[in-house]
Amino acid sequence: MPYTVEPASVPDVLILRPRVFEDARGFFFESFNARDFRKVTGVTDEFVQDNHSRSVKGVLRGLHYQIRHAQGKLVRVVQGEVFDVAVDLRRSSPTFGKWTGVRLSAANKAQLWIPTGFAHGFLVLSETAEFLYKTTDFWSPEDERCLRWDDPTIDIDWSLDSKPIVTEKDARGSLIDMCDLF
């Protein structure tokens, strides 16, 4: 198998750790293999879009989700380090309103599977970070929603030492009590 899988603290979110081959020349690993991904995760969703973002230290993106064209996401960092967060917005889930957070970095090469029904965001910890993610549905601006990154009901421990840099859209995100939910 090209990677091992472990559940995050919210069990439907999965941490994938790749099998890395390193020597004096550098390293190699399979970052995605559809057959093996299905086998080790049980996820049969098809990925239809790849995205790449670059952000500077202190940028907090999220917490984003799409209500009708919900997206599952497979995320990873290829340069730098982020604290990546997923929040369960599935009303019928035993972990509704709970969050899980994982450090993803170019160094640890870990990936996070975030299923549909979750809001997603990340905080950049390094000077810059490049973030890649595959999605199971296309971006749909009319269906995009934003959960407030600082919702006191959810109480995410971002471990901030200063105010994060957020877009106006993210600053105006909804509290969970006002969100469109799954």
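Worth a mention:
- So TRP149, is it part of a loop (DSSP other than H, G, I, E, B), in contact (Cβ under 8 Å) with a residue 24 or more places away in the chain and surrounded by 21 or more Cβ atoms within 10 Å (Cβ to Cβ): yes
- Sub-9 Å Cβ pairs linking a first residue in the range 1-24 that is small (Gly, Ala, Ser) to a second residue that is not in a strand (DSSP E or B), at least 6 apart or interchain, are SER9/THR95; SER9/LYS98, ordered by first then second residue.
- Some residue of the range 153-161 being surrounded by fewer than 21 Cβ atoms within 10 Å (Cβ to Cβ), in contact with a helix residue (DSSP H, G or I) (Cβ under 9 Å, 6 or more places away or on another chain) and not aliphatic (A, V, I, L, M): yes
- Top-ranked residue of the range 1-23 - restricted to ones that are at pLDDT 95 or above and part of a loop (DSSP other than H, G, I, E, B), ranked as surrounded by the fewest Cβ atoms within 10 Å (Cβ to Cβ): SER9
- Candidate set from the range 152-182 (those that are closer than 14 Å to VAL124 by Cβ and not in a loop (DSSP other than H, G, I, E, B)); member that is farthest from the chain's Cα centre (by Cα): ILE165
- Verdict on ILE165 being over 12 Å from VAL87 (Cα atoms) and either buried (at least 16 other Cβ atoms within 10 Å of the Cβ) or modelled with pLDDT of 95 or more (or both): yes
The values are calculated or read from the model by the stated rules, or taken from the named source; none is laboratory data. Quick caveat, the model's predicted, so the values are computed rather than measured. Please note: Cβ atoms are built from the backbone with ideal geometry, for glycine as well, and neighbour counts cover all protein chains shown.
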